[in-house]
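Working notes, beginning with the structure itself.
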Amino acid sequence: MDKARALIADVQAWLAAATPRERRLLAMASSGVALFIVFVFWVSFSSAIRKAQATLEEKEQDFEKISRLSSGYSALEQERQLLEVRLRQSPPALMSFVDSTPKSDGVEVGGMSDRGVVAGGQNGKPREQSVEVNLSKVSLDKLVKLLADIEHSPGVVKVRRLRVRKSFENKDLLDVSLSVSVWQGA
């Protein structure tokens, strides 16, 4: 403590003995040091603020992404639950369903073959049954209506494979072969 008082006394004695030019030079030097210290603090604080803002923007983007994914997940979860309900329903008798649906749409069935159970049924997996159907001389609008009727039937019934060719006799009509499958929960 005494050393500090002695140092302060020496500085005051030197300032009292200094010329006006030395005092101005000392004032400018101390002002420069003070400005440098202020500048260092300002740069460090502005850098910290920029980093905090960047982090905040990144977290806001992450939150928006989570919100979008959450809403998408909710929609997918609802769709999965509806599909599970449809799997629990008893599926239509596939052969008779595939035979009657084209006839109700005015389409003639050329041939059908039952492929039976083709997949699933074990370890809680849904059981898939399949039927191959050949349709000849079908117009495009009737084919679209038939496919919509099959896909929107009760239970889980889907067209798994579809092959379309122009008919040899009439180029405006189509020869179609398709594979229709039905799933039932195990």
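Can you give the alpha-carbon Rg of the chain over 2.2 N^0.38 Å, where N counts its residues? Present the calculation step by step, with values, prior to reporting the outcome.
On the way: Rg = 41.7 Å, N = 186, 2.2 N^0.38 = 16.0 Å.
Dividing the Cα Rg of the chain by 2.2 N^0.38 Å gives 2.60.
At a probe size of 1.4 Å, how large is the accessible area of Lys166, to the nearest 10 Å²?
130 Å²
Of the options Pro126, Ser44, Ser104, report the single residue whose Cα projects farthest towards the positive end of the charge dipole of the chain (beta-carbon charges: Lys, Arg +1; Asp, Glu -1).
Working it through, the farthest residue towards the positive pole turns out to be Ser44.
Which aspartates and glutamates does Lys137 reach when only Cα atoms under 14 Å apart count, and residues fewer than 8 places away in its own chain are ignored?
Result set, ordered by chain and number: Asp105, Glu108, Glu169, Asp172, Asp175.
Taking a threshold of 30 Å on the Cα-Cα distance, which of the pairs Lys65/Lys145; Lys103/Lys125; Lys145/Lys171; Lys125/Lys166; Lys65/Lys158 fall above it?
Working: Lys65/Lys145 39 Å; Lys103/Lys125 32 Å; Lys145/Lys171 20 Å; Lys125/Lys166 38 Å; Lys65/Lys158 33 Å.
Cα-Cα > 30 Å for Lys65/Lys145; Lys103/Lys125; Lys125/Lys166; Lys65/Lys158; rest within.
Taking 1 over the mean of 1/r across every pair of different Cα atoms in region 1-62, what Kirkwood radius in Å do you get? List each step's numbers first, then the result.
Numbers: mean 1/r = 0.0649 Å⁻¹.
Mean inverse Cα-Cα distance, inverted, gives 15.4 Å.
Along the charge dipole of region 1-89, which of Phe63, Ala9, Tyr73 sits closest to the positive end, that is, farthest toward it, with unit charges on the beta carbon of Lys, Arg, Asp and Glu (+1, +1, -1, -1)?
Ala9
Please state the charge dipole magnitude for the chain, taken about the Cα centre, from unit charges on C-beta atoms (+1 on K and R, -1 on D and E), reported in debye and rounded to the nearest 20.
580 debye
Carbon and sulfur together cover what percent of the accessible area of the chain at a 1.4 Å probe radius? Show your work: numbers first, answer last.
Details: 8280 of 13760 Å².
Taking all protein chains in place, the chain shows 60 percent carbon and sulfur surface.
The values are calculated or read from the model by the stated rules, or taken from the named source; none is laboratory data. Only a predicted model underlies this, so the values are computations on that prediction, with no experimental measurement involved. Glycine also receives a Cβ, built like all others from the backbone with ideal geometry; neighbour counts cover every protein chain displayed. Ligands, DNA and RNA are excluded from the accessible area calculation, which covers all protein heavy atoms including side chains. Shrake-Rupley method; radii C 1.70, N 1.55, O 1.52, S 1.80 Å.
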